[in-house]
1. When segment 149-197 is examined, which residues are found to be touching a strand residue (DSSP E or B) at 6+ places or on another chain (Cβ under 6 Å), among the aromatic types (Phe, Trp, Tyr) and modelled with pLDDT of 95 or more?
2. Taking segment 100-124 only, how many residues are touching a residue at least 12 places away in the same chain (Cβ under 8 Å), among the acidic types (Asp, Glu) and under 12 Å from residue 144 (Cβ atoms)?
3. Which residues, counting only those in segment 125-165, are under 16 Å from the mean Cα position of the chain (by Cα) and in a loop (DSSP other than H, G, I, E, B)?
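The values are calculated or read from the model by the stated rules, or taken from the named source; none is laboratory data. In this text, all values refer to a predicted model and were calculated from it rather than measured experimentally. In this analysis, Cβ positions are derived from the backbone assuming ideal geometry, glycine residues included, and neighbour counts consider all displayed protein chains.
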Amino acid sequence: MMRNKVQMSKLLSLMLRHRPDEFGLEMDQYGYVDLQAVLEALQKKDASLTIEAVEAVVYDGEKQRFEIVEGRIRARYGHSFDIELGVDSSEPQEFLYKGVDPSASEAVISGGLQPQDRQYLHLSFDADVAEQLSSRPGRLGAVIRIDAKRAFEAGVPFYDCGPTILTQDIPAEFVGLEREGTVEVKSEAKPEVSASSSAQEDAPKKITYGRRPRSGTRR
């Protein structure tokens, strides 16, 4: 039984981004699937689920992973197979950002950015968001800066998908290092702190998706 929206969102992502055939779903070239068919597939996991529960995941999600149009549902981005986005390329803001493992930053600077296990690269509007998305416990991710407006003028397409911008290949001439990333060095001894203050310090910062800095500015 799925107890919360996070579990349902993960299952929807599996269905609509990666393995529709596994759930008997027929998908069109834009990634849309009949909403009723998706509900019936979800109900095999939890018979109590309703269409309202699915809509709540779609419309209340900050990341805007999914959309419903005329009784059909799709993932807006993140596919591991080819789909047509159904949106035109549009001019992006001056700079966009991509978080990467610090060990990979030199290779990206020299070779450019390419998708790995997804159809498109997912770029962030804000360097802080990119850093947090690529960070792990004890390590801050490196942040690659993309000279997006110049790349667009050179013919690189950018697709606005709400909280993220999608593209496919960014040549090395349009990328640079915004932040190097760091690996935390743990000291052997730490000053004593109260349990409440320790919990506050250790709590991860909330990622806010889709923040758009003013066009043409850098931090």
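1. Answer for segment 149-197, where residues must be touching a strand residue (DSSP E or B) at 6+ places or on another chain (Cβ under 6 Å), among the aromatic types (Phe, Trp, Tyr) and modelled with pLDDT of 95 or more: 158, 174.
2. First, pick out the residues of segment 100-124 that are touching a residue at least 12 places away in the same chain (Cβ under 8 Å): 100-102, 104-105, 108-115, 117-124.
Right, trim to among the acidic types (Asp, Glu) and you get 101, 117.
Retained after the next criterion (residues that are under 12 Å from residue 144 (Cβ atoms)): 101.
Residues that pass the stated criteria total 1.
3. Within segment 125-165, 125, 126, 135, 141, 158, 161, 162, 163, 164 qualify.
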